[in-house]
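Have a look at the structure below before the remarks.
Only the coordinates and a few stated rules stand behind these numbers; no lab work does. Since the model is a prediction, treat every value here as computed from it, not as a measurement. With ideal geometry, Cβ positions are generated from the backbone for all residues, glycine too; neighbour counts draw on all protein chains shown.
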Amino acid sequence: MLRLDALSRRFGDTVAVSELSLEAEPGQILSLLGPSGCGKTTTLRMVAGFETPSSGRVWLDGRDVTRLGAQQRGMGMVFQNYALFPHLDVWENVAFGLLARGEARRDAAPRVERVLELVELPGYGKRRVQELSGGQQQRVALARALAPEPPVLLLDEPLSNLDAALRERTRTELRALLKRLGMTAIFVTHDQEEAFALSDRVALLHQGHLQQVGTPEALYTAPANPFVASFLGRANFLLATLDPAGSSHARLAGGAVWPVRTATDAPMQPGSAATVMVRPEALRLLPPGSELAPADLQGCLVDRRFAGAMSFYRVQVGDRELLVQGGPADAAPGDAVWVRPREGAVILVFPGDAS
Amino acid sequence: MNRRTLVLAAPVVLVLLWLVLYPNLFVLGDSFSEGGRFSLQHYRRFWTSRSEIGALWASVWISAASVVLSALLGVPLAFLFARYQFPGRRLLGALAAMPVLLPPLVGTISFLFLYGESGFFTRGVQLLLGLESPPWRLAGPGAILLVHAYTMYVYFYLFVAAGLSRLDAGYAEAATALGAGRWLTLRRITLPMLAPALGGAALLVFMTSMASFSAPYVFGGGFRVLSTQIYASKLNGEGGLVAVEAVVLAVASLLFLILLQRYEGARSYTGASKGLGPAPRSAVSRGWMLALGAGAAIAFLLLPHLTVLLVSFVPEGSWTTEFFPPVYSLESYRSLVSSPDRLVPVLNSLRMATVATLANIVFAFAAGYLLARRRFWGRGAVNALVVLPWALPGTVLAIALASTFAVHQPWAGQFVLIGSFAILPLAYFIRNIPLVTRAVLASFQQLDPAVEEAAASLGASRVNTLWRVVLPLVLPGLAAGALLAFVTALGEFVASILLYTHRTR
Ligand SMILES: Nc1ncnc2c1ncn2[C@@H]1O[C@H](COP(=O)(O)OP(=O)(O)O)[C@@H](O)[C@H]1O
Ligand SMILES: [Mg+2]
């Protein structure tokens, strides 16, 4: 099992990774997700042994490997640009790790064949790597990393050089393959959709700090803070005051009262200022002439965007703009409209003005 | 700096300080001293002597004119081969680069055979016009310029061809779409974007001309440039004046280098477009006519070198007044191989060039890796020292070595090497440090560091990674650099003639 224990890495004044503690569960795919520059690559490189942590430790199967070089750790790595050996053919690339640890070519051959079959490139051994398409190169890189049967597979944005359609198909296949092998993997990406589609658990990073780690559902429905909420999907933020009688309701600026849940562990003072987070799909526009309820919020329709299965509405409420998913088809910009939370919708509150 | 960097950096820095910086400082010191004391006496002599100032001026204008003439030959040639498609383009294109491989002395001698008073071409003209005496004498500045342009256009040709192959066609297309004509596009887009290539070539031609020795020595007659002036002073045993002349020559070259870098710095463009790749070669209707023209041009450019080849098959004394030599034989080759007297210098040159090139390879690999892969304090200085032998004319380097290694003072890092087997390979080695190191450095810079990391993550040891991944990938650059170093070392006449003694013959 792989465990990161308070890992930090500073480059001069920049703190690339700060006090990061994480565990990769055996046989599971853990994604490191976050915007560009948040420290994902640096973290992965510390795990691989290319980067020395400023402080903290890396544990592999109960062994402290922090001071070991990459060649002693033997973690499989798939690089963003694949880093295939351009002077070697596909077979030699895939066999490299096996030959490097002294295996005879004869002994390595069956395994190379098997791995090439796994990535659906059987019979490609004699090809030059430059002749392959981007998708094929990506699979050779994967095969090369898998061949020595590493304890952990590290992947740094391995799909980012593929075009959109191929990327989507590849991530499904990649997940299926890793699951079939029961591989423990750490997958770095800045793409929320990709992280959700591929991983069992997601660790969200921001400016070198771990924001939250959990299943995609947990991160989406119970974000620990406004950054997590807005990074994963779309989120509306509204200023509110917490109900004086408890923290189960909040009163919005327009007077509407919404049922809410507190998101953070930190207790919130009844009656204190708060920020409400609600996702577009948790809201809808009322048809004209509907009977009004205390939760309804009045606003002015800015525009409506048709998106196939549903429509998105932008509604001006006070000084905020809300994004609402679903409503009457005949609403026109400039109309006065009412927004209502859907039945059972999850609405979170964060302390203070968090937007 | 971590320990591994230090272990690598220490020998590299030591070699650079001892062999590159120290000898040059030594010459600088010599120029300012007389009888062991500080003195400006030699400088005073230099500035008040008409022949010295004349030589300096001659060096500068000859070099500037060489740049212009080489550009006039090389740039159109580069456009021809980069932009047009015609039969035989590849072969002719490769042939056009050949003169760079020939040692300057061979080039110079070939001109004598061709355009000299009894040269091939001269006789042809004489016969054709029925003249009594040769129509011209190959001597003076004109002859020097002819040789320079003939041998140095290659720099412009190679640099501009490389620049054109990197130049994205998108820019020119954008200009055309904006309504610019061919000429305007060339003048306002293509040429400015080639500025780095043009600048680099101009620099090399200028430096090579400043240092050029064979052509002025053979053709100059009474016309002296600085490098021949240095040789004359050296023969007269005027050590202080030699040092001053060397310093002046070095300063003139460095000034030009700085000027050019200013110019280039103001004109360096990094592409902002996604890139279309280089402009495709246009297929010309009646391409064979273009091929014929190009072939004729190349034949003309290679004529001197072909002449040497031809003359080598002519027995001594058998060719007198005929247009074509009457007899051909392998006599010259036979006597070369059979008489040790003649063979020994050839073998010596080969051996020395080999030793020097091997040293260059080892040094370049270490220095190239260090500069490309390690961050350390003083990296900029190491980089500057690596290119210094390039920025200084060969003559200056030869003088520097000759004065540094003429005495035995081990505590000062000085040993008597003049007259020993070691001095020539050492000179070749230092001279070619920039060439080989830059070639290796460029390969390292093109090599994605992730490739080395990939090898490490697959469990390959450092040695294994070096041997199985790094070396094969930098080998093309290393081989190209080493080959050029070997060829130039073999032909380095300047260093040889100044350091030559009977023992190494
Ligand atoms: N070798 C380095 N030297 C200096 N700063 C670095 C280096 N590597 C990364 N950084 C900095 O550390 C931060 C995190 O970088 P990185 O881990 O590459 O982010 P990500 O992969 O999430 O985009 C960035 O601010 C980056 O500029
Ligand atoms: Mg990254």
Check every DSSP H run in chain B and write down those whose alpha carbon atoms cover 27 angstrom or more along the long axis and whose mean Kyte-Doolittle hydropathy is 1.0 or greater. B:50-83, B:140-166, B:239-265, B:287-312, B:471-491
About the Cα centre, and with charges only on the beta carbon of Lys, Arg (+1) and Asp, Glu (-1), how big is the dipole of the protein assembly as shown? Nearest 20 debye, please. 1600
Would you work out if chain A is rounded, prolate or oblate? Take a ≥ b ≥ c from the square roots of the eigenvalues of the alpha-carbon gyration tensor; rounded if a/c is under 1.5, else prolate when a/b is larger than b/c, oblate otherwise. prolate
What longest region of chain B stays clear of GluC sites (Glu not before Pro) that DSSP places outside H, G, I, E and B and that have at most 16 other Cβ atoms within 10 Å? B:323-505
Which FRET efficiency value, to the nearest 0.05, is calculated for B:Val387 and A:Thr52 with the Förster distance at 45 angstrom and r the Cβ-Cβ distance? 0.85
Phi to ³J(HN,Hα) by Karplus 6.51 cos²θ - 1.76 cosθ + 1.60 over region A:39-56, Hz, x for Gly, Pro: x, 5, 4, 4, 4, 4, 5, 5, 5, 6, x, 8, 10, 8, x, 5, 7, x
With unit charges on the beta carbons (Lys and Arg positive, Asp and Glu negative) and the dipole taken about the Cα centre of region B:18-91, which residue among B:Val60, B:Ser33, B:Ala78 sits farthest to the positive side? B:Ala78
With DSSP loop assignment and no more than 11 other C-beta atoms within 10 Å, the trypsin sites (Lys or Arg not before Pro) in region A:1-90 are A:Arg67
Charges on Cβ only, +1 for Lys and Arg, -1 for Asp and Glu, centred on the Cα centroid of region B:3-499; of B:Ala391, B:Val327, B:Leu401, which one is farthest towards the dipole's positive end? B:Ala391
Comparing A:Ala309, A:Ala253, A:Ala195, which has the greatest mean-square fluctuation in the GNM of chain A with Cα pairs linked when under 10 Å apart? A:Ala309
May I ask you to derive the FRET efficiency for A:Glu25 and A:Ala245 from their Cβ-Cβ distance with R0 = 35 Å, giving the value to the nearest 0.05? 0.25
Nitroxide proxy distance, nm - points 7 Å out along Cα→Cβ at B:Ile258 and B:Leu330: 5.7
Which parts of region A:241-282 would a label at A:Ala309 reach, counting a residue when its backbone N lies under 20 Å from a point 7 Å out along Cα-to-Cβ? A:279-282
With each label point set 7 Å from Cα along the Cα-Cβ vector, what nm distance links B:His408 and B:Arg351? 2.2
Could you work out how far the C-alpha centroid of region A:12-80 sits from that of region B:68-116, in angstrom? 55
Using a 7 Å offset from the Cα along the Cα-to-Cβ direction at both A:Arg10 and B:Ser39, what is the distance between the two label points in nm, to one decimal? 5.9
Roughly how tilted is helix A:90-100, in degrees to the nearest 10 and between 0 and 90, from the longest Cα axis of chain A? 70
Which residues make up the longest stretch of chain A that has no GluC sites (Glu not before Pro) in a DSSP loop with at most 11 other Cβ atoms within 10 Å? A:1-290
Neighbour net charge for A:Arg111 - beta-carbon separation under 9 angstrom, K R +1, D E -1: -3
In terms of the alpha carbon gyration tensor, root eigenvalues a ≥ b ≥ c, rounded if a/c is under 1.5 and otherwise prolate when a/b exceeds b/c or oblate, chain B is rounded
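Is the shape of region B:1-75 rounded, prolate or oblate, going by the alpha carbon gyration tensor and its root eigenvalues a ≥ b ≥ c, with a/c under 1.5 for rounded and a/b larger than b/c for prolate? Mind showing how you got there, number by number?
Working: a/c = 5.85, a/b = 1.28, b/c = 4.56.
The shape class here is oblate.
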Once phi is turned into θ = phi - 60°, what whole-Hz ³J(HN,Hα) does the Karplus curve with 6.51, -1.76 and 1.60 give for every residue of region A:251-262, x standing for Gly and Pro? 9, 7, 4, x, x, 5, 10, 10, x, 9, 10, 7
Show me the trypsin sites (Lys or Arg not before Pro) within region A:267-355 that DSSP assigns to loop and that have at most 16 other Cβ atoms within 10 Å of their Cβ. A:Arg342
Let me have the relative contact order for chain A, percent, based on Cα pairs under 8 Å that are six or more residues apart. 16
Contact order normalised by length for chain B, with contacts defined as Cα pairs under 8 Å and 6 or more residues apart; what percent is it? 23
Which of B:Ile298, B:Ala460, B:Ser312 sits farthest toward the positive end of the charge dipole of region B:3-499, with +1 on the Cβ of Lys and Arg and -1 on the Cβ of Asp and Glu? B:Ala460
